[in-house]
Amino acid sequence: MSHAARLSPTSALKLVSPAIATIADVAALLATGDALDRVVPSVLGIVADALGAHECSLWRVDETGLWRAYSLGDSATTVADVRKRLDDNSLVGDGLALARLTTGPRLLGAIVVGMEREVSTEEFVLLTTIGTMVAPALVHAEYSRQLETEVALRTRQIEQQRRFTERIIDSMPVGLYVIDREFRIQAWNRKRETGMQGVSREEAIGRTIFEILHRQPAELLREEFEDVFSTGRIAEFQMESKATGEHRTYRITKIPMRVDDTAVTHVITIGEDITEWREAQQRFAQAEKLAAIGTLAAGVMHEINNPLATIAACGESLQLKLREMAEAGQETPRESDDYLSIIEQEVHRCKRIVNGLLEFSRPRAVGKELVDLNEVIEKTLFLLKHHATFKKMSIELDLDRQSVPMVDGNAEQLIQVFMALLLNATDAMQEQGRVKLRTRGAGNGDSIVAEVADDGHGIKRPDLRKIFEPFFTTKPPGRGTGLGLSICYGIIAEHGGRIEVDSAVGQGATFRIFLPRVTT
Ligand SMILES: Nc1ncnc2c1ncn2[C@@H]1O[C@H](COP(=O)(O)OP(=O)(O)OP(=O)(O)O)[C@@H](O)[C@H]1O
Ligand SMILES: [Mg+2]
């Protein structure tokens, strides 16, 4: 460089001006901040043009060593050549000129130019200057590439996390949605997409809850949400719905959610179908209640039976006494015969009730044997054939003939059960009613279900829970004691089975008896 000082200013300018033009071109390119893959070949092209080089390449140093990153023209230069020249600090000579690319003490690589002629000092200065400019661009490119990789990785992680969370809420067997302060839906799970009331996620997201749940009164919905937004407390309630056609019970839970730990920003709503759970609970409660009534009844009945027997015996003795007096020609009070027969009748009525109650609370431990339930039903029908109201009914029989429904039971008691059910059915129907009797395998084949379905007036919902209680009757006085179904309940329970009812007003009633099957 020292001989540059000996040049006249004009010739120096002549020499320097193409260099300045080259540097300006390179600077302009680097300033674009364009991807390094595109900038570096262009920079090398400009350098090669400016110097008339036949080879121009960029070499990089990284943890894997020194390597050729880009190359223009035929290159005979090897890694060893470049390494040695850099190590020896012999940057110019033998048709090669090298510009170190450094940032602070760190060597990033080198630009290597191959020329037919010797490289002038000015050209070397130009090359070094370009090297100085390219180095930071390389570092930036490195950073931005790292950043790109990092961003891509994070984006993938976030996407995975999002999908994972979505899967969680989609896998839940409950309907779930989330709304924001504007009542706009922000999340809508798979369960809410399915079923008759299902709405697709695409349709729901972004719309207000009032638009989507348009069947529910908007004001009530708004109030429920406002309550959670303002109090920040979980709200839970049960809801009856007939939206699917059948009567179902849902447990609705509204949970406040805070995105930044301050005010409530969203409300999560979970809807859970608890119909089966509630029915099971009610059945359980009913079984417990009936058991308690049974124990009480058994105690009371036992106490009543003895005085009844005494009254009956006294009545009989009086009757005998009066007969003896009459035979002896003695005068007896005129009404005494009538009174005594009333006493006898009433005692008998009490006994029937007592026995009925005892049947419910503690069915007699009667002998059991293998019984064909189909035969039991046929025998019941035979016995009822002559019953006046029964004649007007049409009976539809659908008995399982394939796998004979054998149970371990007492045929007499089982006939009593079907008789009570059929008599109730006739009571519930107008003339020309229809009763269907059906037997089938149930459960995993380990039980049998016998159905008695009528098309009568049906049972009111609140009554459904009471019909198995002793003395519950809706029939006029003198028509029913309300013991029929409670006796059925007791007998079936004693047989290790259960009795269920399915009914609604105006839609008939179906009684189902489940009994353990005996495989022969
Ligand atoms: N098939 C049915 N359809 C409509 N309601 C019914 C049916 N079976 C029973 N019920 C209702 O259940 C109540 C109780 O029946 P349950 O057989 O225990 O007593 P009851 O028939 O009233 O009197 P009892 O059988 O002692 O003569 C009935 O009064 C009636 O309201
Ligand atoms: Mg009855």
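Some observations on this one:
- For PHE183, PHE382, PHE471, the sequence from fewest to most other C-beta atoms within 10 Å is PHE382, PHE471, PHE183.
- Residues in the range 416-441 that a label on GLN402 would reach, taking backbone N under 20 Å of a point 7 Å out along Cα→Cβ: 437-441
- Fewest-first ranking of TRP59, TRP188, using other Cβ atoms within 10 Å as the exposure measure: TRP59, TRP188
- Nitroxide proxy distance, nm - points 7 Å out along Cα→Cβ at THR519 and ARG479: 4.7
- Extension gain for ASP74-ARG440 works out to 122.7 nm (0.36 nm per residue, less the C-alpha to C-alpha distance).
- Using alpha-carbon coordinates, inclination of helix 36-51 to the longest axis of the chain, degrees: 10
- Distances between placed amide hydrogens fall under 5 Å for SER447 paired with ALA442, ARG517, all partners being 5 or more residues away or on another chain.
- Above 23 Å, the calculated P(r) of the range 117-258 contains 57 percent of its Cα-Cα pairs.
- Degrees separating the helix 336-361 axis from the principal Cα axis of the chain, which is the longest one: 20
- Packing-based exposure ordering (other Cβ within 10 Å, fewest first) of CYS350, CYS314: CYS314, CYS350
- The largest-to-smallest principal axis extents of the Cα set in the range 371-515 are 40, 29, 26 Å.
- Dipole-positive endmost among LEU322, ASN355, LEU397 within the chain (Cβ charges, Cα centre): LEU322
- Efficiency of FRET between GLU211 and ASP502 - r from beta-carbon atoms, R0 35 angstrom, step 0.05: 0.45
- Taking the empirical scaling 2.2 N^0.38 Å for compact globular proteins as reference, the range 259-311 has a Cα radius of gyration ratio of 2.56.
- Fraction of antiparallel bridges per DSSP, the chain only, in percent to nearest 5: 95
- Around the Cα centre of the chain, unit charges on the Cβ atoms of Lys, Arg, Asp and Glu (plus for the first two, minus for the last two) sum to a dipole of about 320 debye.
- Estimated FRET transfer efficiency (ILE353, THR194; beta-carbon r; R0 41 Å; 0.05): 0.20
- Cβ-derived FRET efficiency at R0 51 Å, ALA280 paired with GLU369, nearest 0.05: 0.95
- Normalised radius of gyration (Cα atoms, divided by 2.2 N^0.38 Å) for the range 278-361: 1.70.
- Across the range 395-402, coupling constants 3J(HN,Hα) worked out from phi with the 6.51/-1.76/1.60 Karplus curve, θ = phi - 60°, read 10, 10, 9, 9, 9, 6, 8, 6 Hz, and Gly and Pro carry x.
- Inter-label distance, VAL300 to GLN432: 4.4 nm, where each label sits 7 Å from its Cα along the C-beta direction.
- With the helix formula -39500 (n - 2.57) applied to DSSP H stretches of n ≥ 4, the chain reaches a computed 222 nm mean residue ellipticity of -16500 deg cm²/dmol.
- Placed amide H near GLU55: partners under 5 Å, 5+ positions off or other chain: GLY114
- Gain upon complete extension [ARG251, GLU226; 0.36 nm per residue less C-alpha separation]: 7.1 nm
- The range 436-493 versus the range 73-146: alpha-carbon centroid distance in Å: 99
- Shown in residue order for the range 115-131 are the 3J(HN,Hα) couplings computed by the Karplus curve 6.51 cos²θ - 1.76 cosθ + 1.60 at θ = phi - 60°: 9, 5, 10, 6, 8, 7, 4, 4, 5, 5, 4, 4, 4, 4, 4, 4, x Hz (x for Gly and Pro).
- Averaging the sequence gap over all C-alpha pairs within less than 8 Å and six or more residues apart, then dividing by the number of residues, gives the chain a relative contact order of 7 percent.
- 3J(HN,Hα) couplings calculated from phi for the range 290-304 with the Karplus curve 6.51 cos²θ - 1.76 cosθ + 1.60 (θ = phi - 60°) are, in sequence order, 5, 5, 5, 4, x, 5, 4, 4, 4, x, 5, 4, 4, 5, 7 Hz; Gly and Pro show x.
- Spin-label model distance (nm) - THR165 vs ALA235, 7 Å beyond Cα toward Cβ: 2.4
- With Cα atoms, 0 to 90° folded angle of helix 411-428 axis to the chain main axis: 80
- In this structure the amide hydrogen of MET393, modeled in the peptide plane, comes within under 5 Å of no amide hydrogen from residues 5 or more places off or on another chain.
- Debye equation applied to the C-alpha atoms of the range 429-520, log10 I(q)/I(0) at 0.13 Å⁻¹: -0.50
Read-outs throughout are calculated quantities, based only on the coordinates presented, and are distinct from any laboratory measurement. Just so it is clear, the structure is predicted and the values come from calculations on it, not from any experiment. Cβ atoms come from the backbone with ideal geometry, glycine included; neighbour counts cover every protein chain shown.
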